[in-house]
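J.: The structure under discussion is supplied below as C-alpha cells; questions concerning it will follow.
The values are calculated or read from the model by the stated rules, or taken from the named source; none is laboratory data. What you are looking at is a predicted structure, and each value in this text was computed from that prediction instead of being measured. Please note: Cβ atoms are built from the backbone with ideal geometry, for glycine as well, and neighbour counts cover all protein chains shown.
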Amino acid sequence: MTESQKERQPWLPEGLRFPLASFLAALRFLTIVPLTWRCEQDGRFFAASLVWFPVIGLLIGLTGAVLISCLMPFFPPPVVAMAAIVLLAAASGCLHLDGLADSGDGLLSARPRERILEIMRDSHTGAMGVIALVLVILGKFAALSSLATLGAPILIATLIVMPLAGRCAIVLTMACLPYAREGEGLGRLFYSPSSRWAALWALVLLTAVLAWGGWRLVLPVLAAVALTVFLFSLWCRNKIGGATGDTLGAVCELTEMMVAVAMTFGTLGINTP
C-alpha cells in the first residue's frame with residue numbers, strides 16, 4: 001500500500017496506517033533504545049504512536065522479566081525487588097519518575113492553577129516531589145519484595161504486567177482529560193482524535209495478558225488501574241483542569257505501584273516455597 005493510499009483511509013487510526021513509523025516514534029520516546037533510523041520523522045507520528053504505548057510497556061515488562069529471572073537464583077528477594085525497580089526506571093530513562101516528582105511539587109503545593117503549572121515546568125525538584133518519589137518507590141519495593149518470596153512465576157508475571165498497565169494508564173488518562181496547558185507542550189504532541197480508540201485497545205490488551213496469566217488476577221489488577229486513573233484524573237481536573245506531560249508520567253508510576261500491590265492481593269492463598 002502506497003503512502004497516498006494510506007492517507008485516503010481516515011477510518012483507520014494513523015498508528016495502523018503507518019505502523020512502523022509510529023511504533024518507532026513510541027519506542028524512542030518511551031525507552032532508551034538507541035534507534036535513530038528515520039528519527040527525523042518522529043514529530044509527525046507522535047499522536048499516532050499512542051496506540052503503541054501498551055505494546056511498548058509489554059516489551060519493557062518482558063525484557064525486565066527475563067533479566068530479573070536470571071538474578072533470582074543468586075540474590076535474596078529484597079535485592080531482586082530493588083533490581084527490578086531500577087531496571088523498570090532505567091528502561092524509560094527515568095522519564096516517568098521525573099514527571100512524578102514534578103507533579104508532586106505542583107499538585108501538592110496548594111497554589112492556584114497557573115502557579116501549579118509553573119512549578120511543574122520548573123526543572124528543580126522540591127520537598128513534595130522527593131516525598132512523592134520516595135513513597136512510590138517504597139510502595140513498589142514492599143510489593144515486589146513480598147511477591148519475590150512467593151517464587152519466580154508470580155514475580156515475573158508482575159514485572160510483565162506493571163509497565164504494561166502503566167502505559168495503559170497514560171492512554172486512559174489522555175482519553176479522560178483534556179490537555180491542561182495553553183499553547184504547545186510535550187504532552188500535547190500525543191493528543192489526537194484517536195485517543196479513545198487507543199484507550200479501548202489498551203484495555204483489551206491488558207485484559208488479554210492478565211487472562212493469559214490467570215483469571216484470578218484480572219479483577220484486582222483492572223480495579224487497581226481503573227481506581228488509580230479515575231482518582232488521579234479527578235484530582236488533576238480539579239487542580240489544573242486536565243493533564244500535562246508530567247501528570248501522565250505520574251499516573252504511569254502510580255499505576256505501576258498499585259498494580260504491584262494488587263498482585264499481592266491476587267496471590268493471597270499461594271503457599272510460599
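J.: Determine which single condition Val218 fails, assuming it passes every other condition in (1) crowded, with 24+ Cβ neighbours inside 10 Å; (2) aliphatic (A, V, I, L, M); (3) more than 15 Å from the chain's Cα centre (by Cα).
T.: Val218 satisfies every listed condition except (1).
J.: Related question: From the list Ile160, Ile156, Ile240, exactly one residue is over 25 Å from Leu59 (Cα atoms) and either at pLDDT 90 or above or surrounded by 18 or more Cβ atoms within 10 Å (Cβ to Cβ) (or both). Which is it?
T.: Ile240
J.: Just for the stretch 177-191: of the residues that are in a loop (DSSP other than H, G, I, E, B) and either free of Cβ contacts under 8 Å to residues at least 12 places away in the same chain or among the basic types (Lys, Arg) (or both), which one is surrounded by the most Cβ atoms within 10 Å (Cβ to Cβ)? Outline the logic, then answer.
T.: We begin by selecting, within the stretch 177-191, every residue in a loop (DSSP other than H, G, I, E, B); these are 177-178, 180-186, 191.
Right, trim to either free of Cβ contacts under 8 Å to residues at least 12 places away in the same chain or among the basic types (Lys, Arg) (or both) and you get 181-184.
Numbers: Arg181: 18, Glu182: 9, Gly183: 6, Glu184: 9.
Looking at residues that are in a loop (DSSP other than H, G, I, E, B) and either free of Cβ contacts under 8 Å to residues at least 12 places away in the same chain or among the basic types (Lys, Arg) (or both), I get Arg181.
J.: On to the next question. Look through Trp201, Trp197, Trp235 and report the one residue that is modelled with pLDDT of 90 or more, of a type in the set (Phe, Trp, Tyr) and within 23 Å of Ala26 (Cα to Cα).
T.: On inspection, the qualifying residue turns out to be Trp201.
J.: Can you confirm whether Ser49 is within 30 Å of Leu135 (Cβ to Cβ), small (Gly, Ala, Ser) and at pLDDT below 95? Explain how you work it out, then say what you get.
T.: On the way: within 30 Å of Leu135 (Cβ to Cβ): no; small (Gly, Ala, Ser): yes; at pLDDT below 95: yes.
No; evaluated as a whole, the condition is false for this residue.
J.: Inside the stretch 6-38, can you point out the residues that are assigned to a helix (DSSP H, G or I) and at pLDDT below 75?
T.: Our first condition is that a residue be assigned to a helix (DSSP H, G or I); within the stretch 6-38, this holds for 6-7, 14-17, 19-30.
Result: Lys6, Glu7, Glu14, Gly15, Leu16, Arg17.
Yes/no per residue for (1) part of a helix (DSSP H, G or I); (2) without any contact (Cβ under 8 Å) to a residue 24 or more places away in the chain; (3) surrounded by fewer than 18 Cβ atoms within 10 Å (Cβ to Cβ):
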{"position": "Ala101", "(1), (2), (3)": "yes, no, no"}
{"position": "Gly104", "(1), (2), (3)": "yes, no, no"}
{"position": "Arg111", "(1), (2), (3)": "no, yes, yes"}
{"position": "Arg115", "(1), (2), (3)": "yes, yes, yes"}
{"position": "His124", "(1), (2), (3)": "no, yes, yes"}
{"position": "Gly129", "(1), (2), (3)": "yes, no, no"}
{"position": "Val136", "(1), (2), (3)": "yes, no, no"}
{"position": "Ala143", "(1), (2), (3)": "yes, no, no"}
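J.: Moving on. With respect to the numbered conditions (1) crowded, with 20+ Cβ neighbours inside 10 Å; (2) over 16 Å from the mean Cα position of the chain (by Cα), which one is the sole condition not fulfilled by Met174?
T.: Met174 satisfies every listed condition except (2).
J.: A further question on this structure: Inspect all residues belonging to the stretch 207-230 and state whether any of them is free of Cβ contacts under 8 Å to residues at least 60 places away in the same chain, farther than 29 Å from Leu155 by Cα and hydrophobic (A, V, I, L, M, F, W, C).
T.: no
J.: For residues that are assigned to a helix (DSSP H, G or I), out of contact with any Gly (no Cβ under 8 Å at 6 or more places or on another chain) and in contact (Cβ under 8 Å) with a residue 12 or more places away in the chain, tally how many sit in the stretch 72-91. Talk me through it step by step, then tell me what you get.
T.: First pass over the stretch 72-91, keeping only residues assigned to a helix (DSSP H, G or I): 77-91.
When the remaining residues are screened for being out of contact with any Gly (no Cβ under 8 Å at 6 or more places or on another chain), the result is 77-83, 85-86, 89-90.
Checking which are in contact (Cβ under 8 Å) with a residue 12 or more places away in the chain leaves us with 77-78, 80-83, 85, 90.
Final tally of qualifying residues: 8.
J.: I'm checking my understanding of the structure. Among residues of the stretch 38-86 that are more than 15 Å from the chain's Cα centre (by Cα) and among the hydroxyl-bearing types (Ser, Thr, Tyr), which one is surrounded by the fewest Cβ atoms within 10 Å (Cβ to Cβ)?
T.: Among those residues, the one meeting the criterion is Ser69.
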